[in-house]
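Undergrad: Dropping the structure in here first, questions after.
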Amino acid sequence: MTQAAAITREPYTPKGALDRLRHGDLGAWPVVGGLVAIAVVFGTLNEHFLSPENLTNLALQMAATGTISLGIIMVLLLGEIDLSAGSVSGLCAVVMAILSVRQGWNPLVAIVVALVAGALIGLLHGLMFTRLRMPSFVVTLAGLIGWQGLLLYLLGQGGIVNLPFDGFVAKLSDTWLTPLAAWLLTLVLVAVFAASNLVTRRMRLAADLPVAPTWWLGVKVAGLAVVLVAAVAVMSADRGVPLLLVIFGTLVVVFDLVLRHTAFGRWMYAVGGNVEAARRAGIDVRRIRVLAFVLSSTLAAFGGILSASRLAAVNQGSGGSDILLMAIAAAVIGGTSLFGGRGRTYAALLGILVIQSITNGMFLLSVDSSVRYMVTAAVLALAVAIDSLSRRGGTA
Amino acid sequence: MISVTDVSKRYGAVQALQGVSLDLRPGEVVALVGDNGAGKSTLVKVIAGVVAADSGAIAIDGERVRVGSPHDAQRLGISTVYQDLALCENLDVVANLFLGSEPRRWSLLRHIRMERATRDLLTSLDVRIKDIRVPVAMLSGGQRQSVAIARALLGEPRLVILDEPTAALGVEQTAQVLDLVRRLRERGLAVLLISHNLADVRAVSDRVVVLRLGRNAGEFRTAEATQESIVAAITGAAA
Ligand SMILES: Nc1ncnc2c1ncn2[C@@H]1O[C@H](COP(=O)(O)OP(=O)(O)OP(=O)(O)O)[C@@H](O)[C@H]1O
Ligand SMILES: [Mg+2]
């Protein structure tokens, strides 16, 4: 064992990578491959697809459904499902719109109230799931219909609430970072990432723990820098980096840090991996489950508000049609397992990027929405198939 | 020393245990053997606080204690590794060892401290796992069993109970786990080992306690006992 302590942990030996692959740890590579394929295919079919303007639109379109997807990941990590996320997003957006427009409340207060409403809905789902022992599938299926009903009831005869274009909420999706701000943000992100990696490396060395070689650290930092610089360069060539994308990105990063660095996050994975083991380890499984549903619905509410901001209105279709399916598909395509215990919040970002690119690309090609639905379904089926197969590999 | 005296337990019409007694001493491996339904698991559950005995007593160093719940048992230094390992396959070795009692500072996990402690513990037990940061699903059965046993040691117990630790393992991995059991003994722990495999029992235990139909049916010093005499006690054939 003494010699094992001296081994540096190799990031990617071909053998180690193959080993992980066989055990279902595919990481983000299938998605990245998929994105490249999408870029090539749509880029060749339509010269407008890869233009800064369109890519910036893409970034803007991602945020709302991406946020809902982030919430769905919280319940997927437990091996549960939330089918109500779409309806909850629409309902909470309506609550926000009614309070701020019809009642004339301060928009910020209206947003907070809508988020609290989302949290309470999640609490209700969580309690029905844990106390009444109803399957999450049924609880949230009831939610899907019930909250949609409440939305229609609240909207009443008019059926639509317009948000003032120069109001706070609508402005959210029409705010762009200046190039200076965008580049500063990029610099800070890369610097913080590099510094935190270096500090961790130092601490590990001090504790006599194995570390990855320095060049690997360099590759990681350079990789992040390249991606961020490319994104900022493209979007700055158009209107700039949308605030909406920054908000969504922040949520993804913050939730990732919470999941990886707090006991709550670790227990989420534990409950998703083996409930019995978690329970025997003294984890309050019920509390974790309720919290996951609260997070899911709250993020759905926030996603709904972002969506309303982009549309500058809420109507009877808010949170309806394919939003729920897209959010679930994004999470799974991004690499979150439907069977629980596996996945990271970046799945929401990557997955929604895939789905939104396909949607956007087919829209540019004026493909009929019937075909769009079928393609999205096929991509979802493929992602689930990969998930199921890799799970079998993992337990074999 | 942990003494179990005169424990009885009835499940409806079945008398699972009837006046069973058992002594467990530090630095000694006691094997608990018996045919299916002899009451081994029931006895373990009584000691681990999972089920309450109808009568009988448990004493630690001569002082009578109440083991009313698994939590009580843990507090008294009784640690049990159940046959279904209760590991989270999606988490790595470090996360599994500390699950539920993660050290934290400002509510952030102390990853480095946990990993250091894990390495030290595994090294001291001579458990070889190449990369302790991969999900437990990627480990062999023997390694998983070792992780489960190491996890039981974190609370500094005085007694470790192992329920069929080698049941699902191949030859080499069984040897690994038996080695680990010997190392528990060297650490001065009392070990109670349930096994159906007499070869394992003879290889690793100091004493063999036989249960039959819920009663004590014989006790042997492993070094002096023959396979035949143990089998006879298990089956109830006249020795
Ligand atoms: N929860 C229970 N309810 C009813 N009867 C039980 C229960 N648990 C055990 N028994 C009975 O008590 C008796 C002893 O069972 P126990 O599980 O302790 O045996 P064992 O020695 O562990 O057997 P095995 O080698 O098969 O694991 C058996 O007759 C069993 O059917
Ligand atoms: Mg048993």
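The values are calculated or read from the model by the stated rules, or taken from the named source; none is laboratory data. The model shown is predicted, which means the values in this text are computed figures rather than measured ones. Cβ sites come from the backbone with ideal geometry, for glycine too, and all protein chains shown count toward neighbours. Note: areas computed on protein heavy atoms with side chains; ligands, DNA, RNA excluded. Shrake-Rupley method; radii C 1.70, N 1.55, O 1.52, S 1.80 Å.
Undergrad: Being surrounded by fewer than 18 Cβ atoms within 10 Å (Cβ to Cβ) and charged (D, E, K, R) narrows it down to one residue among B:R133, B:R207, B:R144; which is it?
TA: Numbers: B:R207 fails: surrounded by fewer than 18 Cβ atoms within 10 Å (Cβ to Cβ); B:R144 fails: surrounded by fewer than 18 Cβ atoms within 10 Å (Cβ to Cβ).
Only one candidate qualifies: B:R133.
Undergrad: While we're here: In this structure, does A:L152 turn out to be in contact (Cβ under 8 Å) with a residue 60 or more places away in the chain, surrounded by fewer than 16 Cβ atoms within 10 Å (Cβ to Cβ) and within 16 Å of A:G86 (Cα to Cα)?
TA: Numbers: in contact (Cβ under 8 Å) with a residue 60 or more places away in the chain: yes; surrounded by fewer than 16 Cβ atoms within 10 Å (Cβ to Cβ): yes; within 16 Å of A:G86 (Cα to Cα): yes.
Answer is yes for this residue.
Undergrad: While we're looking at this one, here's another question. Can you name the residue in region B:86-101 that is open to solvent by 20 Å² or more (accessible area, probe 1.4 Å) and more than 8 Å from every other protein chain (Cβ to nearest Cβ) and is also nearest to B:L169 (Cα to Cα) among such residues?
TA: The qualifying residue nearest to B:L169 (Cα to Cα) is B:D92.
Undergrad: Quick one: in region B:102-121, which of the residues that are under 24 Å from the mean Cα position of the chain (by Cα) and at the interface with chain A (Cβ under 7 Å from one of its Cβ atoms) is farthest from B:Q145 (Cα to Cα)?
TA: B:E102
Undergrad: Determine whether region A:97-109 contains at least one residue that is open to solvent by less than 40 Å² (accessible area, probe 1.4 Å) and under 21 Å from the mean Cα position of the chain (by Cα).
TA: No, the conditions are met nowhere in region A:97-109.
Undergrad: If you don't mind, there's one more thing I want to ask. Have a look at B:A137, B:A148, B:A152, B:A73 and point out the one that is more than 9 Å from every other protein chain (Cβ to nearest Cβ) and touching a Gly at 6+ places or on another chain (Cβ under 7 Å).
TA: Working: B:A137 fails: more than 9 Å from every other protein chain (Cβ to nearest Cβ); B:A148 fails: touching a Gly at 6+ places or on another chain (Cβ under 7 Å); B:A152 fails: touching a Gly at 6+ places or on another chain (Cβ under 7 Å).
Among B:A137, B:A148, B:A152, B:A73, only B:A73 is more than 9 Å from every other protein chain (Cβ to nearest Cβ) and touching a Gly at 6+ places or on another chain (Cβ under 7 Å).
Undergrad: Kindly list, by first and then second residue, each pair from a residue in region B:40-62 that is within 12 Å of B:V20 (Cα to Cα) to a residue that is within 12 Å of ligand 2 (Cβ to nearest atom) and of a type in the set (D, E, K, R), limited to pairs with Cβ atoms under 7 Å and residues at least 6 apart or on different chains.
TA: That search, which allows pairs on different chains as well, returns B:V44/B:D163.
Undergrad: For A:P210, only one of the following conditions fails: (1) touching a residue at least 40 places away in the same chain (Cβ under 8 Å); (2) open to solvent by less than 60 Å² (accessible area, probe 1.4 Å); (3) within 24 Å of the chain's Cα centre (by Cα). What is its number?
TA: Unmet condition: (3).
Undergrad: Looking only at region A:336-352, count every residue that is over 11 Å from the mean Cα position of the chain (by Cα) and either open to solvent by less than 10 Å² (accessible area, probe 1.4 Å) or more than 13 Å from chain B (Cβ to nearest Cβ) (or both) and tell me the total.
TA: Final tally of qualifying residues: 3.
Undergrad: Follow-up. Take A:V221 and tell me if it is under 23 Å from B:I112 (Cα atoms), touching a helix residue (DSSP H, G or I) at 6+ places or on another chain (Cβ under 9 Å) and assigned to a loop (DSSP other than H, G, I, E, B).
TA: Working: under 23 Å from B:I112 (Cα atoms): yes; touching a helix residue (DSSP H, G or I) at 6+ places or on another chain (Cβ under 9 Å): yes; assigned to a loop (DSSP other than H, G, I, E, B): no.
No; evaluated as a whole, the condition is false for this residue.
Undergrad: Turning to a different aspect of this structure: List every residue pair whose Cβ atoms sit under 6 Å apart, with the two residues 6 or more apart in sequence or on different chains, where the first one lies in region A:341-356 and is within 11 Å of A:M326 (Cα to Cα) and assigned by TED's automatic domain parsing to the domain that holds A:D387 and the second, anywhere, is modelled with pLDDT under 95 and of a type in the set (V, I, T).
TA: A:G351/A:I333; A:V354/A:I333
Undergrad: From the set of residues in region A:232-243 that are assigned to a helix (DSSP H, G or I) and in contact (Cβ under 8 Å) with a residue 12 or more places away in the chain, which is surrounded by the most Cβ atoms within 10 Å (Cβ to Cβ)? Steps first, answer last, please.
TA: Step one: list which residues in region A:232-243 are assigned to a helix (DSSP H, G or I), which gives A:232-236, A:243.
So of that shortlist, the ones also in contact (Cβ under 8 Å) with a residue 12 or more places away in the chain come out as A:232, A:234-236, A:243.
Working: A:V232: 18, A:V234: 19, A:M235: 24, A:S236: 19, A:L243: 18.
Checking each candidate, the answer is A:M235.
Undergrad: What number of residues within region A:65-88 satisfy the criterion of being open to solvent by less than 10 Å² (accessible area, probe 1.4 Å) and either at pLDDT below 95 or within 9 Å of the chain's Cα centre (by Cα) (or both)?
TA: Of the residues in region A:65-88, 8 are open to solvent by less than 10 Å² (accessible area, probe 1.4 Å) and either at pLDDT below 95 or within 9 Å of the chain's Cα centre (by Cα) (or both).
Undergrad: Under the condition of being surrounded by 17 or more Cβ atoms within 10 Å (Cβ to Cβ) and not small (G, A, S), which residue from region A:248-261 is farthest from A:P52 (Cα to Cα)?
TA: First, the residues of region A:248-261 that are surrounded by 17 or more Cβ atoms within 10 Å (Cβ to Cβ): A:248-249, A:251-252, A:255-256, A:259.
Next, from what is left, pick out any that are not small (G, A, S): A:248, A:251-252, A:255-256, A:259.
Numbers: A:F248: 20, A:L251: 24, A:V252: 23, A:F255: 29, A:D256: 29, A:L259: 34 Å.
My answer is A:L259.
Undergrad: Please state which one of B:R185, B:R144 is away from ligand 2 (no atom under 16 Å from the Cβ) and in contact with a Leu (Cβ under 9 Å, 6 or more places away or on another chain). I'd like the intermediate steps shown before the answer.
TA: Numbers: B:R185 fails: in contact with a Leu (Cβ under 9 Å, 6 or more places away or on another chain).
Just a single option satisfies the conditions, and that option is B:R144.
Undergrad: For B:V44, which of the numbered conditions (1) away from ligand 1 (no atom under 16 Å from the Cβ); (2) touching a Ser or Thr at 6+ places or on another chain (Cβ under 9 Å) fails to hold?
TA: (1)
Undergrad: Same structure, new question: Between A:V294, A:V253, A:V314, which is among the β-branched types (V, I, T), in the same structural domain as A:A378 (by TED's automatic domain parsing), in a helix (DSSP H, G or I) and farther than 26 Å from A:R133 by Cβ?
TA: Numbers: A:V294 fails: farther than 26 Å from A:R133 by Cβ; A:V314 fails: in a helix (DSSP H, G or I).
After applying the criteria, what remains is A:V253.
Undergrad: In region A:268-284, what count of residues is obtained for those that are open to solvent by 10 Å² or more (accessible area, probe 1.4 Å) and either charged (D, E, K, R) or more than 8 Å from chain B (Cβ to nearest Cβ) (or both)?
TA: Total satisfying the criteria: 5.
Undergrad: Does region B:63-80 contain any residue that is surrounded by 17 or more Cβ atoms within 10 Å (Cβ to Cβ), within 16 Å of ligand 2 (Cβ to nearest atom), under 17 Å from the mean Cα position of the chain (by Cα) and touching a residue at least 12 places away in the same chain (Cβ under 8 Å)?
TA: yes
Undergrad: Limited to region B:12-58, what total is found for residues that are within 13 Å of ligand 2 (Cβ to nearest atom), farther than 18 Å from B:A73 by Cα and open to solvent by 30 Å² or more (accessible area, probe 1.4 Å)?
TA: 3
Undergrad: Test of understanding: among A:G351, A:G340, A:G303, A:G320, which residue is outside any helix (DSSP H, G or I) and at pLDDT 90 or above? Give the steps one after another, and end with the answer.
TA: Working: A:G351 fails: outside any helix (DSSP H, G or I); A:G303 fails: outside any helix (DSSP H, G or I); A:G320 fails: at pLDDT 90 or above.
Among A:G351, A:G340, A:G303, A:G320, only A:G340 is outside any helix (DSSP H, G or I) and at pLDDT 90 or above.
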